[in-house]
Amino acid sequence: MAYKIVKSQCTGCGMCEPECPNKAINEKNGIFMIDPAKCTECIGHYDDAQCAACCPVDDTCIVDNSYPRYQA
Amino acid sequence: MSSAAGIATINLTDIRSMREHRELAVKVEHTGCSTSSAQGKTGCGSGAGAGDLPPEIWEKVKNHPCYSEEAHHHYARMHVAVAPACNIQCNYCNRKYDCSNESRPGVVSERLTPEQAARKVLAVASEIPQMTVLGIAGPGDALANPTKTFETFRRVAERAPDIKLCLSTNGLALPDYVDQIQAFNVDHVTITINMVDPQVGEKIYPWIFYDHKRWRGRDAAKILTERQLEGLEMLVSKGILVKVNSVMIPGINDGHLVEVNEAVKSRGAFLHNIMPLISEAEHGTYFGLNGQRGPSAQELKLLQDRCEGEMNMMRHCRQCRADAVGLLGEDRSAEFTTEKVMAMEVRYDLARRQAYQTQVDETRAEIGAAREAELAGIAQGADDVKILIAVATKGGGKVNEHFGHAHEFQIYEASNAGAKFVGHRRVDHYCQGGYGEEDALEGVIRAINDCHAVLCSKIGGCPKGTLKEAGIDPVDSFAHEYIERSVIGYYKDYLARLDSGELTHADRGDAAIRQGAFIAA
Ligand code: SF4
Ligand code: SF4
Ligand code: SF4
């Protein structure tokens with residue numbers, strides 16, 4: 001798995017970007033996206049997924065089930 | 001408060017009068033007091049308005065349109081919205097909009113990069129000599145976006161060293177950035193502190209993000225209050241001015257704010273600004289959706305009076321729209337859109353700015369003298385009649401706005417101690433028409449219903465009659481006079497009429513605080 005950002009809910013505030021320990025979050029023209037290849041669900045870094053923990057809008061940074069579970 | 005990213009807001013007090021001043025400024029000769037530094041500090045003129053502030057603090061705040069009520073009439077600040085991220089959630093904030101601590105809810109500022117923001121600041125400062133302060137207050141929390149905030153300061157300080165820098169924060173990240181704040185010579189920091197008791201705090205803050213975790217409830221509020229007070233103490237120990245903002249939420253922290261006042265006063269905050277909760281369901285905030293009401297004008301004033309004591313209370317904070325450009329509610333932001341600013345040729349003219357500032361110092365000395373002269377005739381020790389008077393002004397410290405054109409009224413309390421500014425009330429233009437002038441006039445009356453009189457430069461016959469019926473005396477005989485001496489003048493006349501039996505003194509009712517987002521013309 002990896003996390004993804006639900007585009008329709010994101011306010012584009014940018015809070016999540018610097019919090020990601022893997023630099024998996026990037027902004028392009030005001031749209032924030034998670035690179036599933038870089039996202040480790042914060043495993044190995046923190047107990048909670050940082051993007052989900054700091055995002056002001058509930059259910060905006062969520063698990064993307066189309067990716068297999070991250071293997072540490 | 002506001003955090004990271006790029007929105008530019010400018011609140012200039014009174015741009016129209018700026019225009020008038022600009023013409024004057026060109027003609028100003030240096031007489032009497034001379035300008036001693038690039039920051040517009042002068043040797044004299046510190047008498048009027050200094051009040052009980054220590055001289056070094058008065059020197060720092062006297063030209064600050066946010067902190068000195070007197071300066072508010074002559075100078076303006078500007079916000080740039082470079083900081084959209086925030087590290088906490090407040091129940092009065094809907095994060096789709098700007099931080100409700102620093103601007104009115106329901107408003108979205110245009111976000112700017114630090115580079116765009118710095119350009120905008122320089123463009124506005126060159127056009128508008130009144131602009132003396134740059135603030136970063138959002139749209140989120142200035143310190144949840146440290147890179148963008150400090151990069152903007154760096155760029156502005158490089159080209160315009162005379163502009164004062166200030167920032168606003170909810171305080172959670174503050175202790176980590178005190179050194180940087182000092183290094184950038186930021187001399188004013190505003191912390192929004194709504195409680196010092198986690199039991200109160202848990203009703204205001206559903207969560208915070210701190211130390212890589214989301215904290216909720218009382219734990220969250222405990223961390224927040226500890227960080228806020230620690231940050232406040234650290235700033236004060238470094239000689240940085242700290243203002244505290246509090247949002248008054250009836251039934252939740254209204255009584256508790258007296259304790260907050262005590263706590264921040266004892267830690268060295270120089271000003272405490274209590275603002276009313278603005279809460280409407282349409283803003284989509286937790287409080288708005290759950291019917292939490294804001295305070296009435298009277299409730300707000302009572303609390304401000306209780307907290308006043310020997311501390312300065314700030315009463316002119318107008319919860320301004322973060323990206324408005326203009327003095328006293330006027331908005332020139334359309335002239336400074338990012339597109340226009342990026343295309344402008346910006347010449348930063350320090351000499352012109354200094355000439356304006358010298359002229360303002362002279363005007364302020366005159367205002368002080370006029371006030372003292374008028375006060376001299378007042379019967380001291382007479383019975384202590386207090387009345388509130390609404391004033392329509394477009395700046396320059398004068399009664400110079402047409403009743404029907406006023407966006408807001410300044411409220412003064414007149415007593416035998418003189419004229420004291422106690423707040424302002426925002427209104428819809430009565431004259432604008434469109435959707436029913438009658439409704440607009442009723443709105444104005446509701447907003448100033450606790451006042452005995454309204455002073456303006458001119459007023460039509462029709463509204464005059466309606467005001468009189470509502471028990472508010474419409475007065476245009478002080479047109480273009482200085483405000484304070486006019487208020488005292490009216491008050492003296494009022495006392496004389498009481499004496500002669502022409503009038504009997506009666507208390508007026510309460511007034512409403514305007515809720516909706518303010519859309520400038
Ligand atoms: S879950 Fe962690 S690693 Fe994945 S994007 Fe969010 S912050 Fe980055
Ligand atoms: S923190 Fe949430 S709202 Fe802000 S940019 Fe990231 S995903 Fe979007
Ligand atoms: S009002 Fe509160 S939640 Fe909203 S941006 Fe300001 S500090 Fe953050």
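The values are calculated or read from the model by the stated rules, or taken from the named source; none is laboratory data. As the structure is a computational prediction, the values presented were derived from the model and not from experiment. Glycine gets a Cβ as well: all are built from the backbone with ideal geometry, and neighbour counts include every protein chain shown.
Residues are listed down the side, and each one gets a yes or a no for (1) acidic (Asp, Glu); (2) within 22 Å of residue B:293 (Cα to Cα); (3) within 14 Å of chain A (Cβ to nearest Cβ); (4) more than 27 Å from the chain's Cα centre (by Cα):
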position: B:203; (1), (2), (3), (4): no, yes, no, no
position: B:211; (1), (2), (3), (4): yes, no, yes, yes
position: B:241; (1), (2), (3), (4): no, no, no, no
position: B:248; (1), (2), (3), (4): no, yes, no, no
position: B:252; (1), (2), (3), (4): no, yes, no, no
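Of the residues that make up region B:178-194, is at least one within 14 Å of another protein chain (Cβ to nearest Cβ) and within 25 Å of the chain's Cα centre (by Cα)? Steps first, please.
From region B:178-194, those within 14 Å of another protein chain (Cβ to nearest Cβ) are none; that's our starting set.
So far as region B:178-194 goes, no, none of its residues is within 14 Å of another protein chain (Cβ to nearest Cβ) and within 25 Å of the chain's Cα centre (by Cα).
Being within 16 Å of ligand 1 (Cβ to nearest atom), modelled with pLDDT of 85 or more and more than 22 Å from the chain's Cα centre (by Cα) is true for just one of B:91, B:87. Which residue is that?
Step by step, each of B:91, B:87 is checked, and only B:87 is within 16 Å of ligand 1 (Cβ to nearest atom), modelled with pLDDT of 85 or more and more than 22 Å from the chain's Cα centre (by Cα).
Against the definition (buried (at least 22 other Cβ atoms within 10 Å of the Cβ) and within 13 Å of ligand 1 (Cβ to nearest atom)), how does residue A:13 come out, yes or no?
For residue A:13, the condition - buried (at least 22 other Cβ atoms within 10 Å of the Cβ) and within 13 Å of ligand 1 (Cβ to nearest atom) - is not met.
For region B:154-172, indicate whether the set of residues that are within 19 Å of the chain's Cα centre (by Cα) and within 14 Å of chain A (Cβ to nearest Cβ) is non-empty. Even if it seems obvious, please write down each step before you answer.
Of all residues in region B:154-172, those within 19 Å of the chain's Cα centre (by Cα) come to B:163-170.
Filter once more, so that each one left must be within 14 Å of chain A (Cβ to nearest Cβ): B:170.
Among the residues of region B:154-172, at least one is within 19 Å of the chain's Cα centre (by Cα) and within 14 Å of chain A (Cβ to nearest Cβ), which makes the answer yes.
For region B:233-259, name all the residues that are surrounded by fewer than 23 Cβ atoms within 10 Å (Cβ to Cβ) and in a helix (DSSP H, G or I).
Hits for region B:233-259 are B:233, B:234, B:236, B:237, B:258, B:259.
Can you work out which of the residues in region A:24-34 that are over 21 Å from residue B:143 (Cβ atoms) and more than 8 Å from ligand 1 (Cβ to nearest atom) is surrounded by the fewest Cβ atoms within 10 Å (Cβ to Cβ)?
Restricting to residues being over 21 Å from residue B:143 (Cβ atoms) and more than 8 Å from ligand 1 (Cβ to nearest atom), the top hit is A:29.
Rundown of residues vs (1) out of contact with any strand residue (DSSP E or B) (no Cβ under 6 Å at 6 or more places or on another chain); (2) of a type outside the set (A, V, I, L, M), yes/no style:
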{"position": "B:202", "(1), (2)": "yes, yes"}
{"position": "B:207", "(1), (2)": "no, yes"}
{"position": "B:218", "(1), (2)": "yes, yes"}
{"position": "B:229", "(1), (2)": "yes, no"}
{"position": "B:244", "(1), (2)": "no, no"}
{"position": "B:252", "(1), (2)": "yes, no"}
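I'd like the full set of residues that are of a type outside the set (Lys, Arg) and more than 9 Å from ligand 2 (Cβ to nearest atom), limited to region A:3-30. Lay out the reasoning, then the answer.
Of the residues in region A:3-30, the ones of a type outside the set (Lys, Arg) are A:3, A:5-6, A:8-22, A:24-27, A:29-30.
Those that are of a type outside the set (Lys, Arg) and more than 9 Å from ligand 2 (Cβ to nearest atom): A:3, A:8, A:18, A:20, A:21, A:22, A:24, A:26, A:29, A:30.
For region B:190-208, check the following and say yes or no: at least one residue is more than 28 Å from residue A:58 (Cβ to Cβ) and touching a residue at least 40 places away in the same chain (Cβ under 8 Å).
yes
Any chance region B:133-148 includes a residue that's surrounded by fewer than 20 Cβ atoms within 10 Å (Cβ to Cβ) and of a type in the set (Lys, Arg)?
Checked against the condition, which is being surrounded by fewer than 20 Cβ atoms within 10 Å (Cβ to Cβ) and of a type in the set (Lys, Arg), region B:133-148 yields no hits at all.
For residues that are within 14 Å of ligand 2 (Cβ to nearest atom) and surrounded by fewer than 21 Cβ atoms within 10 Å (Cβ to Cβ), scanning just region A:36-52, find the one that is farthest from residue A:7 (Cα to Cα).
The extreme case among them is A:48.
Could you please tell me which pairs satisfy a Cβ distance under 7 Å, a separation of 6+ or placement on different chains, a first residue in region B:353-364 that is not assigned by TED's automatic domain parsing to the domain that holds residue B:161, and a second residue that is surrounded by fewer than 20 Cβ atoms within 10 Å (Cβ to Cβ) and modelled with pLDDT of 80 or more?
Going by the 7 Å Cβ cut-off, the qualifying pairs are B:353/B:162.
One line per residue, one yes/no per condition, for (1) touching a Leu at 6+ places or on another chain (Cβ under 9 Å); (2) β-branched (Val, Ile, Thr):
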| residue | (1), (2) |
| --- | --- |
| B:130 | yes, no |
| B:135 | yes, no |
| B:149 | yes, yes |
| B:154 | no, no |
| B:162 | yes, no |
| B:167 | yes, no |
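When you scan region B:408-464, how many residues do you find that are modelled with pLDDT under 85 and β-branched (Val, Ile, Thr)?
So the answer is 2.
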